[in-house]
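See below for the structure under consideration.
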Amino acid sequence: MNPQNEETALRVLVVDDSATSRRSIAGVLSASPEIQVVGKAADGDEALRLVALHHPDVITLDLEMPRMDGFTFLRILMARSPLPVIVISSYSHKENVFKALELGALDFVAKPEHYADGDLGGLEQELLQKITVARRAVRIARMAGAESAPLAMETPPSRWSSIEPRRVIAIGASTGGPTALAEVLVKIGEGLPHALLIAQHMPDRFTKTFAERLDRRCRFRVREAQDRDAVEAALGLLCPGRRSMELERRPGGGLQVRVVTPAPDERYTPSVDRLFASVARVAGERAVGIVLTGMGEDGARGAKEIRDAGGYVIAESRSTAVVYGMPGATVRLGAANRSLSLPEIGAWLAELND
């Protein structure tokens, strides 16, 4: 690295028990003139010492390590000095990834199921992008401390209901979204009279696991959407990764989703714009669009269609958005009726009964 860039470069600590992986990750990061690798640690205990010594801006973290694993490291780090953490994990450890996000990690990079030690499987650019996004992270420690326990239900949810929703609430999110979604949705009580449709930018093999975790924590049903699923009150449908989802009216009455192949010009998948636009067309003034944290502008144009159709749009405020890209674009386009923090969005949804 050019010495003159050291003061402005993003300082990164690499934590991985594999020496080969540490060298590989550090090599990819060091090749960027905007990044300086300030240390490499083989376990959580060594990582905590290096955090105190080097004061990194961002940490890449392997979860499976000897002595002190990644989960213990995250708990201590977020209690002492919260920092943006990017988890690097394989497809085979999906539950571990979401546990890490609940403990305060910012995002993750998923390595292919079969890869050689130290091989990022062609995900170098994704890692660099997410490390760079971390520079703009505003509040990483929102969920710091102990892992949130699943909420107890007084009565088990019904497995199926044919109740048409009063409103269709469409939610879009990207970087920082899994934690933000959980924080918002757990505030909603039982007897939700609305349906929720969710587009979260996420690899395809992770969305089913994410939906299952939300289902365990929420007081209403959540599942990964399948093509032609009915859209009903007290049901949340999460779009599968690498697909897009649209709302439509069934020929015989009622609502359903179509899970479709993304269009060639869709930059992001699942496409928040595509979901929002369909909700605007079908639900009209009964549509609600919520744009949460995320990089880029996905969702802004669709949110404008919801507002133009008489629906209501909320953008997450800068005060809690990990990355203000998506909600910020929505506000700049004039598509948002209101900007609210995550706790305020959760409270607003919990009180939405009309």
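The values are calculated or read from the model by the stated rules, or taken from the named source; none is laboratory data. Quick caveat, the model's predicted, so the values are computed rather than measured. Note that we place each Cβ from the backbone using ideal geometry, even for glycine, and neighbour counts take in every protein chain shown.
Can you name every residue in region 234-255 that is surrounded by fewer than 18 Cβ atoms within 10 Å (Cβ to Cβ) and in contact with a Lys or Arg (Cβ under 7 Å, 6 or more places away or on another chain)?
Result: Glu248, single match.
Would you please name the residue that is surrounded by the fewest Cβ atoms within 10 Å (Cβ to Cβ), looking only at residues in region 189-198 that are at pLDDT 95 or above and out of contact with any Pro (no Cβ under 8 Å at 6 or more places or on another chain)?
Looking at the filtered set, the residue picked out is Leu197.
When Val259 is evaluated against the numbered criteria (1) surrounded by fewer than 19 Cβ atoms within 10 Å (Cβ to Cβ); (2) β-branched (Val, Ile, Thr); (3) at pLDDT below 95, which criterion, by number, is the only one it fails?
(3)
Listed here are the residues, each with its yes/no results for (1) surrounded by fewer than 20 Cβ atoms within 10 Å (Cβ to Cβ); (2) touching a strand residue (DSSP E or B) at 6+ places or on another chain (Cβ under 8 Å); (3) hydrophobic (A, V, I, L, M, F, W, C); (4) at pLDDT 95 or above.
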| position | (1), (2), (3), (4) |
| --- | --- |
| Asp16 | no, yes, no, no |
| Val37 | no, yes, yes, yes |
| Lys40 | no, yes, no, yes |
| Val51 | no, yes, yes, yes |
| Ile59 | no, yes, yes, yes |
| Met65 | no, yes, yes, no |
| Gly70 | no, yes, no, no |
| Arg80 | yes, no, no, no |
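Being in contact (Cβ under 8 Å) with a residue 24 or more places away in the chain, out of contact with any strand residue (DSSP E or B) (no Cβ under 9 Å at 6 or more places or on another chain) and not assigned by TED's automatic domain parsing to the domain that holds Ala105 is the requirement here; does Arg242 meet it?
yes
Among the listed residues Val331, Val322, Val288, which satisfies the condition of being among the aliphatic types (A, V, I, L, M), assigned by TED's automatic domain parsing to the domain that holds Ala225 and surrounded by fewer than 22 Cβ atoms within 10 Å (Cβ to Cβ)?
Values: Val322 fails: surrounded by fewer than 22 Cβ atoms within 10 Å (Cβ to Cβ); Val288 fails: surrounded by fewer than 22 Cβ atoms within 10 Å (Cβ to Cβ).
Answer to the selection: Val331.
With modelled with pLDDT under 95 and touching a strand residue (DSSP E or B) at 6+ places or on another chain (Cβ under 9 Å) as the only criterion, which of Thr269, Thr330 stands out?
Only one candidate passes the filter, namely Thr269.
Inspect all residues belonging to region 164-181 and state whether any of them is in a loop (DSSP other than H, G, I, E, B), surrounded by fewer than 19 Cβ atoms within 10 Å (Cβ to Cβ) and out of contact with any Cys (no Cβ under 9 Å at 6 or more places or on another chain). Explain how you work it out, then say what you get.
Step one: list which residues in region 164-181 are in a loop (DSSP other than H, G, I, E, B), which gives 164-167, 174-176.
With surrounded by fewer than 19 Cβ atoms within 10 Å (Cβ to Cβ) added as a condition, the list becomes 164, 166.
Then keep just the ones that are out of contact with any Cys (no Cβ under 9 Å at 6 or more places or on another chain); that gives 164, 166.
Yes, region 164-181 contains at least one residue that is in a loop (DSSP other than H, G, I, E, B), surrounded by fewer than 19 Cβ atoms within 10 Å (Cβ to Cβ) and out of contact with any Cys (no Cβ under 9 Å at 6 or more places or on another chain).
Specify which of the listed residues (Glu183, Glu224, Glu190) is out of contact with any helix residue (DSSP H, G or I) (no Cβ under 6 Å at 6 or more places or on another chain) and not hydroxyl-bearing (Ser, Thr, Tyr).
Values: Glu183 fails: out of contact with any helix residue (DSSP H, G or I) (no Cβ under 6 Å at 6 or more places or on another chain); Glu224 fails: out of contact with any helix residue (DSSP H, G or I) (no Cβ under 6 Å at 6 or more places or on another chain).
Answer to the check: Glu190.
Are any residues in region 19-51 within 25 Å of the chain's Cα centre (by Cα) and among the β-branched types (Val, Ile, Thr), and if so, which ones?
Hits for region 19-51 are Ile25, Val28, Ile35.
Which residue pairs have Cβ atoms under 6 Å apart, sit 6 or more places apart or on different chains, and have a first residue in region 8-37 that is under 25 Å from Phe71 (Cα atoms) and a second that is part of a strand (DSSP E or B) and among the hydroxyl-bearing types (Ser, Thr, Tyr)?
Val14/Thr60; Ile25/Thr60
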